[in-house]
Amino acid sequence: MMVAVGCSSGGANDAGIGDGDGNGNGDDGSGGPDLDLGDDFGLLIPAETQACSQAVISGNTWDIFGEYRTKGRVTFAAGLWRLPRDGDSLEVDWIEKVELGPERDEPTPQGIGTFSRTITGTPDDGIYRYEYVQAFDLNGESYTLTFKTAFVVSGGVAEKPLKTIDHAFISTADDYAGMDFMLTGEYGSGRVHSFTTCRHELYRDVPYDVAVENGDQLHIDQKFRPGGMYKICPAELKRAVFVRGQEQREVDNFFRLAYTAGQHNWFQKFLIVFDQPVGSVHALLVDEDNMTSGASQMQYLDADLDVIDTAAVTSYIVGW
């Protein structure tokens, strides 16, 4: 059994001391002053670091309403979390808050989460893999967060013993790090989300402008990360603006915007839910039912997200 070594970097930060010699000798692998980890590994979490659900990796990936109702955001407990190299498990309260669904419900933790450790190779030349599992209950339904990371050791020395889990790290522009950051959330029903950045700072902006036959207009700001060997490239809606005559609704709340897509991001669906309705319209659904020309219609939804009207799309412009 591993023993938790605090969650605060206070007393462990040797600010002002050089960052090792760059060859692994006394070097924690970070860009700033070293933290004294000894032979252990560490996860450094800045304040207000969050991860947001993105792709559905198990369950109905086409279900835009299921996506809306199960979106999640995780806030990590800030500080230095030390992972001893010589133990098999570690109980630690590593998650500060979990919010699920449009009402941002907070599930109840079912005990303390646990890091478990496995080694591929040998202790001196191998990969130390850590998996954190935390169980929750949400109104009688189970919800489980699973986090995975790994550290490489060569000749008894860790190549990068400290990982700073900040927004830039979570939002890496490279392919999914896998060994660095892999967070998933699973409902008891079997629906599983992957989690990534909430800020999308390194993603590209893709604007959509949609006009329909009745004169309504919709602007959507999407964040998109192209490239890599993805079946579905990471993407998320950041903002939508709906204009009907003199009325306008702007939505930039993560929990009021939902996105799904098929393989290679074909047949995208965009759901925008207003805080305040426009007449009887509480939400909009744009469904790219044509792979080459985009969406053929915009659907208007009531408070229960049922379709109450449709309008043919007259212009669909994507700003690649």
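The values are calculated or read from the model by the stated rules, or taken from the named source; none is laboratory data. Every value quoted in this text rests on a predicted model; they were computed, and no experiment measured them. Methodologically, a virtual Cβ is constructed for each residue, glycine included, from the backbone with ideal geometry; neighbour enumeration extends over all protein chains shown.
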Report summary line: Here the residues within segment 231-279 that are in contact with an Asp or Glu (Cβ under 6 Å, 6 or more places away or on another chain), more than 18 Å from residue 209 (Cβ to Cβ) and in a loop (DSSP other than H, G, I, E, B) are 267
Report task. Please work out if residue 259 is surrounded by 17 or more Cβ atoms within 10 Å (Cβ to Cβ), among the hydroxyl-bearing types (Ser, Thr, Tyr) and either within 26 Å of the chain's Cα centre (by Cα) or at pLDDT below 95 (or both). Result -> yes
Query raised in the report: Residue check, residue 237 against (1) modelled with pLDDT of 85 or more; (2) over 18 Å from the mean Cα position of the chain (by Cα), all met but one. Which one?
Result: (2)
Query raised in the report: Just one of 124, 93 is assigned by TED's automatic domain parsing to the domain that holds residue 153, under 20 Å from residue 45 (Cβ atoms) and part of a loop (DSSP other than H, G, I, E, B); which is it?
Result: 93
Query raised in the report: Any idea which residue in segment 53-65 is farthest from residue 268 (Cα to Cα), counting only those that are surrounded by fewer than 22 Cβ atoms within 10 Å (Cβ to Cβ) and either modelled with pLDDT of 90 or more or not assigned by TED's automatic domain parsing to the domain that holds residue 105 (or both)?
Result: 65
Query - Residue list for segment 134-162, restricted to those being more than 27 Å from residue 52 (Cβ to Cβ) and assigned to a strand (DSSP E or B) - result: 152, 153, 154, 157, 158
Query raised in the report: In segment 189-208, what residues are more than 17 Å from residue 63 (Cα to Cα) and of a type outside the set (A, V, I, L, M)?
Result: 195, 196, 197, 198, 199, 200, 201, 203, 204, 205, 207, 208
Report summary line: Scanning segment 284-306 residue by residue, those over 25 Å from the mean Cα position of the chain (by Cα) and outside any loop (DSSP other than H, G, I, E, B) turn out to be 290, 294, 297, 298, 299, 300, 301
Report task. Spot the failing condition for residue 208; the list is (1) outside the structural domain of residue 68 (by TED's automatic domain parsing); (2) within 30 Å of residue 110 (Cα to Cα); (3) buried (at least 17 other Cβ atoms within 10 Å of the Cβ); (4) not hydrophobic (A, V, I, L, M, F, W, C), and only one is missed. Result -> (2)
Query raised in the report: Among 274, 242, 267, which is surrounded by 14 or more Cβ atoms within 10 Å (Cβ to Cβ), of a type in the set (Phe, Trp, Tyr) and modelled with pLDDT under 95?
Result: 267
Query raised in the report: Within segment 104-127, how many residues turn out to be exposed (fewer than 12 other Cβ atoms within 10 Å of the Cβ) and closer than 13 Å to residue 86 by Cα?
Result: 3
Query raised in the report: Only one of 302, 252 is within 16 Å of residue 220 (Cβ to Cβ) and either outside the structural domain of residue 65 (by TED's automatic domain parsing) or not acidic (Asp, Glu) (or both); which?
Result: 252
Query raised in the report: Out of all the residues in segment 96-121, which are in a loop (DSSP other than H, G, I, E, B) and either closer than 18 Å to residue 42 by Cβ or not assigned by TED's automatic domain parsing to the domain that holds residue 50 (or both)?
Result: 113
